[in-house]
Amino acid sequence: MCCKTPEYFEWPKAMTQEIKKLEKMRCWKVVKLSRASVPHGAKLIPCCWVSQLKFRDGVYECHHARLLLLGYQQEKRMRLS
């Protein structure tokens, strides 16, 4: 069994903050994925989380999470609407 440190519970909070920030900037909208919600012929672009501890002057500041799209799977000149 894994030992859950107090730090363990900070990562989901950091991820939630990142998602809220992206929604506020209207970059995207979180939707429940189902066969009906994906248009025919659409290609989903996978993503991954990158996380790190932020320090300022050698002192811990916060947990930081960033959601990255794996853009190498995007198609050039494709118009999304």
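Summary table
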item: Within region 1-71, chymotrypsin sites (Phe, Trp or Tyr not before Pro) in DSSP loop having at most 15 other beta-carbon neighbours inside 10 Å; result: TRP28
item: Low-density loop cleavage sites - trypsin sites (Lys or Arg not before Pro) in region 4-42, where at most 12 other Cβ are within 10 Å (DSSP); result: LYS4, ARG26, LYS29, LYS32
item: Region 9-19 - phi-based ³J(HN,Hα) in whole Hz, Karplus 6.51/-1.76/1.60, Gly and Pro as x; result: 7, 7, 5, x, 5, 5, 5, 4, 4, 5, 5
item: Integer Hz, Karplus 6.51/-1.76/1.60 couplings in order for region 42-47, x for Gly and Pro; result: 6, 10, 6, 9, x, 9
item: Diffusion coefficient, µm² s⁻¹, Stokes-Einstein with Kirkwood Rh over alpha-carbon pairs of region 1-51 at 4 °C and 1.567 mPa s; result: 93 µm²/s
item: Residues whose placed amide H lies under 5 Å from that of CYS62, excluding near-sequence neighbours; result: LYS54
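Only the coordinates and a few stated rules stand behind these numbers; no lab work does. If you're wondering where the values come from, they're calculated on a predicted model, not measured in any experiment. Note that we place each Cβ from the backbone using ideal geometry, even for glycine, and neighbour counts take in every protein chain shown.
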